[in-house]
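Notes follow the structure.
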Amino acid sequence: MMAREFGNLAPQGPRITSAISRPLAHPAPLAISAALATAAPLASARTDGGLARAASTQGDGGADAGAPAADAAGGPDAGPAPGAGPGPDAGPGPGPDAGPAAGPGPDAAQPGSPAGAGGAAPPAGPPVNLLRVEVEPASRGHFPNVAGTGAGTHWVGAASTTAVRPFVRAVFDSPVAADDPRVAGLTWSGAGVTPDPGNALRAEVARTAGKRIVTASLGGASARTTLWSVFARINVTGGPAITPFASTALQGIPSGNVTFSATILPATVITDGDRPDLAGGNDTAPPGGVHWTGDALAGGADHHWDFSRKMRTRIVNPSGITMAALHGGGAHPGFIEFGAAQPIAYPATWEEGNDDRATGDENNDPYAAAMTSTDTPSMPADHSAGADGDTVEVRLHFREFVRLEINRRWWVISHHFPWRMHFRMRKAAGRWVDDGSDAATDNAGF
Amino acid sequence: MTDSIDWFGGSPRSPCSIDPETRRLVEAEIADAPQLLAGLRRLDDPPLAGQWQTVMDQLERAGASWSVVSCLCHPSPDVQLAALRAIRRLRDRRVLDLLVRYAGSLGGPIVGSEEATIRAVLRSEAERALEALTGSTVEVSWNDALTAQGQLERWRGAEHTRKRGGNA
C-alpha cells in the first residue's frame, strides 16, 4: 500500500489532460458516475481501513521510501481517519469551515466577459459571472478551509489513495444549473483535477500527497483555489535497538532506544510563501484520556503538527512474581502501576496516542526543523524479586504516527509505523540479567 | 496571593513542593506584576502546551526567576522542561538550591516508554541548568536514586565551598 501511496505522488498528467480535453457537452460515462456515487463514505473507510487494518497481518509497509515492511500497520489512506463513532468528520456537516471561501484575493475570479454576454447563441438569461472556486460543502468534512499566510484560499486534508476524494465547485454571482448554456464553456484545469462528467460545475481533485491548484475558466474569466493533501513519511533515524543491560545494586535495567523523523509532503505546505497557516500551538487537546501513569494525554501535543505514538503491552511472568516485588520504580511509577494497567491495548481511536502525554521527547514544529520523536523504553526490575531461574518478559509494541490539527480537528497524516521491544530477563545468582531481549520494526510476537 | 494557584498547593504528580520561603519570594516577585500572577494561574488548567510556553516566555522576559523555578514543581514534565531551559538562560544563581532539590527528585530507575524518555530529557536539562548557573560540571548516576541524591548534595557542597573561596 505504501508503494501505491508514493507511486501515486507523481502528477497524473495523462489522465488529467484527457479529462480536461473531453468535451463537456458530452454525456458522462456511466461507469465513472457510478464509481463516484458508490465511493465509500469516509467514516466507513476509517473504521474498516483503520481498526480492521490494524488487526490485519498483511504487510502494509514496504516501499515507503525506506520504511520497513510493516506487519500490521494501517495508514492514512486507511482513512485519515479518525476514530470510531460519529466523529466530527464523519459527515460533511456545516462546521466552521463550511462557509464559502470568498474573498478578494488572487483566487477570486479574474475579470473576463460575462458568460452568456456574447456569441452567436442567445443567452438563457442574464449573464453570469464566475466568482470563485471552492471545495464543495459535502467535501469540507475532510478538506476544510484553512486561513492562509497569503491572499490565496486553501483547503487541507490528509493524503490518501483510498479515501473519498474532494470535489470543488465553481461559484457564480447567481444560481445557475450545470446544463445552463451560459456555463457551457466552463473549463477546469490543474494537475490532479478531473472534471465531473455529470456536472460541469464541479471537479474531482486527486488526494495523493501534493499541492493542487484548481482553476476554473469561463468566458475569459478565471478563478482558482488550492487543495493540499498532506502526508508525513516516517523515517527511522536510529534503532530500534536494545542498549547494554545495566545493573545497579538494587535493579536490573533492560532498556532500548529508537529515533524517528518525519518528512512532510508536499514540502511546500511548510515552505510556500502563501500556504495554509498551520504554524503555532494547537487549539484543542489531542484525543485520549490518561496515560498509564495517570497523566492526561491532552499534554501530548504542543503544535498543530504532532508526532505521536500508540502502545500495547504484555507481561509474560510464568513464575507469577508480584508486581510489588518487581516494582523497580522507587518513588516513581514502576511495575506496580504498570502491572495494574495490563494489558494495555492500542487505542480504538485512530488519532489517539496512548504513549504520548508530553512533548519533551519530540520536535513538533516543522517550520523550525524536521519533526522528530525519540523513545528510550526501560523496565527496571528489583533484584530482590523472584528466584534464580525465574524469567520475566515485557513485550512493548508501538505504532509511531504523525497527526495534524486542521481547524480544531485532529487527523492522522502518516502511516502507523510499527516497532517493538521485547525485554527478557532471567534471574541468575540473585540478580536479573538479560535473556535475549530484542527490538525490531514490526509488531510480531505479541 | 499564590493560594489561588492550585498546583502551588502540591500534587501527587509534582516532583517537588514549593516551600514557604520560595512561595514568599514568588509573591514578592509578582506583587506588582498581575500579568505574571495571571500567567501562573493559567498553568492550572491543565494548559495546552502552546499556552504554557507562552507563560514561560513571559516569566523569562520579566526575569522572574522565582516564578520560573517554582514551575519545576508543576506536575507537567513539559512545564518542568520549559522551566529548566528558562533557568539555564536566566543564569540566576539564587535559585540554585531549589534546582538541586528538584534534580534530586529525578534519580532512580524508571519503568515505561515515554515516561523513561521524558525523565532522561529532564535529567539532561537539569544538568545543563546546574552547569549554567555555576560553571561547574555535574555528573550524576541517575539510575540509583540514593546515589544520585548523594552526588548532587556533595556537588552542591563543593560548589558552595568554591563560591565562598572567592570564585563566584
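If residue B:117 satisfies every condition in (1) surrounded by fewer than 22 Cβ atoms within 10 Å (Cβ to Cβ); (2) within 14 Å of another protein chain (Cβ to nearest Cβ) but one, which is the exception?
Of (1) surrounded by fewer than 22 Cβ atoms within 10 Å (Cβ to Cβ); (2) within 14 Å of another protein chain (Cβ to nearest Cβ), only one is false for residue B:117: (1).
If I go through the range A:276-304 residue by residue, how many of them are among the acidic types (Asp, Glu), at the interface with chain B (Cβ under 8 Å from one of its Cβ atoms) and over 25 Å from residue B:113 (Cβ atoms)?
Count: 1.
For the range A:144-153, does any single residue satisfy the condition of being within 16 Å of the chain's Cα centre (by Cα) and either modelled with pLDDT of 95 or more or surrounded by 22 or more Cβ atoms within 10 Å (Cβ to Cβ) (or both)?
yes
Given the criterion at positive phi and surrounded by fewer than 24 Cβ atoms within 10 Å (Cβ to Cβ), identify the matching residue among A:210, A:273, A:220.
On the way: A:210 fails: surrounded by fewer than 24 Cβ atoms within 10 Å (Cβ to Cβ); A:273 fails: at positive phi.
Unique residue meeting the criteria: A:220.
Hey, could you check the range A:332-372 for residues that are within 16 Å of the chain's Cα centre (by Cα) and of a type in the set (Gly, Ala, Ser) and say which is farthest from the other protein chains (Cβ to nearest Cβ)?
A:348
Just one of B:106, B:98 is part of a helix (DSSP H, G or I) and buried (at least 18 other Cβ atoms within 10 Å of the Cβ); which is it?
It is B:98.
Regarding the range A:413-423, can at least one residue be identified that is within 12 Å of chain B (Cβ to nearest Cβ), under 41 Å from the mean Cα position of the chain (by Cα) and within 20 Å of residue A:328 (Cβ to Cβ)?
yes
Would you confirm, using the coordinates I've provided, whether residue A:315 is of a type outside the set (S, T, N, Q), more than 10 Å from every other protein chain (Cβ to nearest Cβ) and either closer than 28 Å to residue A:349 by Cβ or part of a strand (DSSP E or B) (or both)?
yes
Could you tell me how many of the residues in the range A:340-387 are among the small types (Gly, Ala, Ser) and in contact with a Pro (Cβ under 9 Å, 6 or more places away or on another chain)?
Matching residues across the range A:340-387 total 5.
Taking the residues in the range A:368-421 that are buried (at least 24 other Cβ atoms within 10 Å of the Cβ) and acidic (Asp, Glu) as candidates, determine which candidate is farthest from residue A:248 (Cα to Cα).
A:400
Could you check the range A:381-434 and list, in sequence order, the residues that are within 30 Å of residue A:277 (Cα to Cα) and of a type in the set (Phe, Trp, Tyr)?
A:401, A:410, A:411, A:417
Given the structure, is residue B:156 under 10 Å from the mean Cα position of the chain (by Cα), in a helix (DSSP H, G or I), modelled with pLDDT under 95 and surrounded by 19 or more Cβ atoms within 10 Å (Cβ to Cβ)?
On the way: under 10 Å from the mean Cα position of the chain (by Cα): no; in a helix (DSSP H, G or I): yes; modelled with pLDDT under 95: yes; surrounded by 19 or more Cβ atoms within 10 Å (Cβ to Cβ): yes.
It is false that residue B:156 is under 10 Å from the mean Cα position of the chain (by Cα), in a helix (DSSP H, G or I), modelled with pLDDT under 95 and surrounded by 19 or more Cβ atoms within 10 Å (Cβ to Cβ).
Check residue B:127 against each of (1) in contact with a helix residue (DSSP H, G or I) (Cβ under 7 Å, 6 or more places away or on another chain); (2) acidic (Asp, Glu); (3) more than 11 Å from every other protein chain (Cβ to nearest Cβ) and name the one condition it does not meet.
(1)
Just a yes or no: is a residue in the range A:250-268 farther than 27 Å from residue A:441 by Cα, touching a residue at least 12 places away in the same chain (Cβ under 8 Å) and away from chain B (no Cβ under 14 Å)?
Checked against the condition, which is being farther than 27 Å from residue A:441 by Cα, touching a residue at least 12 places away in the same chain (Cβ under 8 Å) and away from chain B (no Cβ under 14 Å), the range A:250-268 yields at least one hit.
Only residues in the range B:125-146 that are free of Cβ contacts under 8 Å to residues at least 40 places away in the same chain and part of a helix (DSSP H, G or I) count as the first member; pair them with residues that are surrounded by 19 or more Cβ atoms within 10 Å (Cβ to Cβ) and of a type in the set (Gly, Ala, Ser), Cβ under 8 angstrom, at least 6 apart or cross-chain, and list the lot.
B:127/B:103; B:130/B:103; B:145/A:330; B:145/B:107; B:145/B:108; B:146/B:107
Residue B:85: away from chain A (no Cβ under 14 Å) and not aliphatic (A, V, I, L, M), yes or no?
no
The values are calculated or read from the model by the stated rules, or taken from the named source; none is laboratory data. What you see is a predicted model; the values in this text were computed from it and never measured. FYI the Cβ positions are ideal-geometry reconstructions off the backbone, even for glycines, and counts take in every protein chain you see.
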